[in-house]
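What follows is one structure encoded as structure tokens, with my remarks underneath.
The values are calculated or read from the model by the stated rules, or taken from the named source; none is laboratory data. A quick note: this is a predicted structure, and the numbers were derived from the prediction, not measured. When we count neighbours, we look across all protein chains shown, and the Cβ atoms used for this are built from the backbone with ideal geometry, even at glycine. Only protein heavy atoms, including side chains, enter the accessible area calculation; ligands, DNA and RNA are left aside. Shrake-Rupley method; radii C 1.70, N 1.55, O 1.52, S 1.80 Å.
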Amino acid sequence: MRTQVVIVGAGPSGLLLGQLLHRSGIDNIVLELRSREHVLGRIRAGVLEELTVRALTEAAVDTRLRREGLRHDGVQLCFDDSRHRIDLHRLTGGKHVVVYGQTEVTRDLMEARAASGLATEYEVPDVSLHDFDTTRPKVHYTRAGRSVRIECDFIAGCDGFHGVCRASVPQTALRMYERAYPFGWMGLLSDTPPVNDELIYVNSPRGFALCSMRSRTRSRYYVQCPLTDKVEDWSDARFWEELRCRLDRASAERLITGPSIEKSIAPLRSVVAEPMRFGQLFLAGDAAHIVPPTGAKGLNLAASDVLTLWQALEEHYRASPSGLAQYSDRCLSRIWKAERFSWWLTSLLHRFPEDGFGRKLQHAELEYLVSSEAARAAFAENYVGLPI
Ligand code: RFL
Ligand code: PHB
């Protein structure tokens, strides 16, 4: 079998790239380890930057997003029992973010791919990459007991942080930069109206909390928890009680609770792999970098990598001077700024073990942030997303 681009991974990065390439007339095949249902069952991101919305528009998968996505012009920070609004729209000269779940983005992309009759192989357990340091790379896998070999021009590694693509690169060709945080997020999804019509990021003496949403009737909440906690340790009742304790009094009184429809724990980490290109293999999204979710940047960075890669591949196939050689440097420049913002916001809002000095600094910084227009403008500029 032969195609132009083999895309490994059917998460948002892989499916978005596939759709963009298809619209440019570039053949591609997507290979995914898990089932379609498993991919759709993962509850993750909720906040899209305008750039991500633009990428989905380019891919012609924005119809439902435009209808159902919630435009947010501000976010709120909560500490010392009071809430402070950051007016994203005013502080950025008219920008905003859109609340629309990653699950819905993925579903829209899957449906568009199926409607275009494009090849996607789900539940392929043994993808392996070959000869990507030559101009004739190959990808092997097994389908219904028979081995399949695809020859291609390029491989796009969109297979997330634990995928096979980055792991196939010789360790000497790769440099990893990493920071781990001593806590995780316990997340709960429920069919209850959100406590507030804007997101609330909370720094409380009991730890971080976040009030987010998926729609006007579906809420997504998170509380900081120890890394050793298991989902079974968190009954719904315990979660709601803990969230209530971390919120300001007015929000706590308004909070409407109900049965969870999903609960999960995510560790927080910052990782960047450099470079993002090895011969004909290009890494994009979580395969190359992860951020703690505090800044809502992971999916958005994935979309900006994919936009950059799509443009470079399109130029290559049009035989114009192509951005393929600059791909890694272009992406990394934006990635490191998002890594910085995500690390900073994580450091500002979470409770760290035994750190009196750190807590005083957090407090000083929070007071500065809510009292200084310049500091709020810097927050807003990063939150809505920096340009490519
Ligand atoms: P994904 O989504 O991990 O998809 C990779 C796909 O590759 C498959 N795969 C393989 N396929 C074939 N062969 C193999 N050997 C394979 N190994 C793996 C996997 O099964 C999977 O389907 O990576 P992608 O596409 O790069 O997308 C990245 C985003 O998923 C991620 O950055 C965001 O979810 C991060 N994130 C957030 N990002 C935002 O922009 N805004 C947010 O509000 C936000 N909130 C979050 C988040 C991540 C969270 N968690 C769980 C870490 C909130 C949370 C709690
Ligand atoms: C979410 O809705 O899941 C969400 C929102 C904002 C974040 C992280 C996660 O910073």
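Here are a few things to note about the model shown:
- Within straight-line cross-link reach of K230, lysines at Cα separation under 30 Å, skipping those fewer than 8 residues along the same chain: K263, K297
- Measure of compaction for segment 245-388 (Cα Rg per 2.2 N^0.38 Å): 1.34
- Taking 0.36 nm per residue of separation and subtracting the Cα-Cα distance, full extension of the segment from R149 to A319 would add 58.5 nm.
- The residues of segment 83-136 have, on average, 48 Å² of accessible surface per residue, using a 1.4 Å probe with all protein chains present.
- The label point for A237 and the one for A119, both projected 7 Å from the Cα toward the Cβ, are 5.5 nm apart.
- Segment 344-388 versus segment 101-120: alpha-carbon centroid distance in Å: 37
- Put simply, the convex hull of the Cα atoms in the chain casts, on average, a shadow of 19.6 nm².
- Counting charges near D236 (Lys, Arg +1; Asp, Glu -1) among other residues having Cβ under 13 Å from its Cβ returns a value of -3.
- Using only alpha carbons, segment 1-145 has a radius of gyration to Kirkwood radius ratio (Rg to Rh) of 1.09.
- DSSP-loop GluC sites (Glu not before Pro) across segment 51-153, with at most 13 other Cβ within 10 angstrom: E123
- Ratio of Rg to Rh for segment 205-274: 1.00 [Cα atoms; Kirkwood radius as inverse mean 1/r over pairs].
- Relative to one another, the C-alpha centroids of segment 45-73 and segment 287-331 are positioned 18 Å apart.
- Area projected by the alpha carbon convex hull of segment 72-181, averaged over all directions, nm²: 12.9
- The simple Förster model, with R0 at 22 Å and r as the Cβ-Cβ distance, assigns Q326 and D27 a FRET efficiency of 0.35.
- A Förster radius of 25 Å combined with the Cβ-Cβ distance from H162 to A60 puts the calculated FRET efficiency at roughly 0.25.
- Once the Cα atoms are used to define both axes, helix 12-23 deviates from the longest principal axis of the chain by about 50 degrees.
- For segment 287-358, the spread of Cα positions along each principal axis, largest first, Å: 59, 17, 15
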